[in-house]
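We did not get these values from a lab; they are worked out from the coordinates using the rules stated. These numbers were taken from a predicted model, which means no experiment stands behind them. Cβ atoms come from the backbone with ideal geometry, glycine included; neighbour counts cover every protein chain shown.
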Number of protein chains: 2
Amino acid sequence: MGDLAEAMGVQKGSLYSLTESKQELLYETMREGAAAFHAGLDALPEAAAAVERIRLALRAHLRVVAEQLDMATVFTREWRYLEGARRDEIVVERRRYEERLRSLFREGRERGELRTDLDDAAAVLLVLSAANWAYTWLTPGRDTDAVADSFAAILVDGIRGYSTRAG
Amino acid sequence: MGDLAEAMGVQKGSLYSLTESKQELLYETMREGAAAFHAGLDALPEAAAAVERIRLALRAHLRVVAEQLDMATVFTREWRYLEGARRDEIVVERRRYEERLRSLFREGRERGELRTDLDDAAAVLLVLSAANWAYTWLTPGRDTDAVADSFAAILVDGIRGYSTRAG
DNA sequence: GCCTCCCTACCTAACGGTCGTTAGCATTGA
DNA sequence: TCAATGCTAACGACCGTTAGGTAGGGAGGC
């Protein structure tokens, strides 16, 4: 709160005529974050192939992280410190996001666009890992879409060389 | 330090005849962590194929995380709070680990075992993301090797369905 | 074998700083 | 007039650390 007040050019105590508490600020940041990430999934073209939707979901997520790096950092690191009902609400939103991601894979598999032997849980975890770790290395200047596409390319087609691919 | 003292059944101040400072404890934890993760890479069979070495590296990393969850959590979350020379040393160790992982991919590609058009940087980032995010969801009881293998399977051969694979 | 020294491990008490928050009051603009 | 915004000052809690002291046990010298 001290740092925030200083950045606003205001005394520490003055913040409390603008906000209820530090928890409240954290909560509002988390709400913004959840909304931003969900909006990325909302914008996915429904008609596109699963593989394409996954690529675009990765792009959307990384773009939010890159464009709102501070928020994304708080979103990934600080949600643990929410308490009570506010925490419950945010945890639900986080789970819902995971579930929406998971359905991308499940539906893709059911439609035969993805491997039938695909381990859904592992695939989602891999994407979520990339998404949630991104705040540590993404820099707003770089071409975030290209990175997302590289991730997607590896995820979709793997890393194995053509000559050595097993039948 | 208070929590630690309580867990040891000792007064807070008594800790300081055993350690120099909280920083020192953090530093030692980080050293242990770096050693454990590097040991995982040391044990990789040199003769194995790149794809296999990558799978085993993932296994080794996740196993360390699962078996030393507290250490791994500190290792991934708290290294930022190291200061001065101790911080520098740990940052070097972290970078070296990344570099060793990167060489798994680079050598694999150079030997033709991995796709010639592979984006090394993205591949390493993907593996590191999975590795560094693992402390948030890994539970010591579960079959960690199986999860690592699932990750490796997706990483190596991708998720795309056979019927829709592009030529 | 005994005594002395000293190191280790522990104690109590407190210091100095940080931090979130509150009370009470002043200013200002609609 | 009143709500919003700001100020000053302080409270209370927490935290890492230190000072100064005590108990005990092992090592070395006599």
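Determine the shielding of peptide A:109-115 by partner chains: average, over its residues, the number of Cβ atoms on other chains within 10 angstrom of each Cβ.
4
First select every other residue whose beta carbon is under 15 angstrom from the beta carbon of residue A:28; then total the charges, Lys and Arg +1, Asp and Glu -1.
Net charge around residue A:28: -4.
Give me the inter-chain shielding for A:119-132: mean count of other chain Cβ atoms within 10 Å, whole number please.
Per-residue shielding by partner chains comes out at 6.
In nm, what is the difference between 0.36 nm times the number of residues separating residue A:162 and residue A:42 and their Cα-Cα distance?
My answer for the length gained is 39.6 nm.
Using a Förster distance of 45 Å, how high is the FRET efficiency between residue B:146 and residue A:17, based on the Cβ-Cβ distance and rounded to 0.05?
Once rounded, the FRET efficiency stands at 0.25.
Note the distances from residue A:91 to each other copy's matching label point, with points 7 Å along the Cα-to-beta-carbon direction, in nm, sorted shortest first.
Residue A:91 label point versus its equivalents elsewhere: 3.6 nm.
Along Cα-to-Cβ, 7 Å out, sits the label point; list in nm, shortest first, how far the one on residue A:143 is from those in the other copies.
Spelled out, the distances from residue A:143's label point are 4.2 nm.
Most mobile of B:152, B:47, B:60 per a Gaussian network model of chain B (Cα springs, under 10 Å)?
B:47
Considering the Cα positions of chain B, please state its Rg to one decimal place and its Dmax as a whole number of Å.
19.0, 68
Calculate the length of the line joining the C-alpha centroid of the stretch B:76-149 to that of the stretch A:85-107, in whole Å.
That distance is 26 Å.
What does the extension gain come out to for residue B:139 and residue B:28, with contour length at 0.36 nm per residue minus their alpha carbon separation?
37.6 nm
What's the exposure ranking of B:155, B:44, going from fewest to most Cβ atoms within 10 Å?
Lowest count first: B:44, B:155.
With 10 angstrom as the radius, rank B:6, A:93, B:98 by how many other C-beta atoms surround their C-beta, starting from the fewest.
Ranked by crowding around the Cβ, least crowded first: B:6, B:98, A:93.
Can you give the net charge of the other residues whose Cβ lies under 12 Å from the Cβ of residue B:91, counting K and R as +1 and D and E as -1?
+1
For n ≥ 4 DSSP H runs only, could you compute -39500 (n - 2.57) per run for the protein assembly as shown, divide by its residues and tell me the 222 nm figure to the nearest 500?
-22000 deg cm²/dmol
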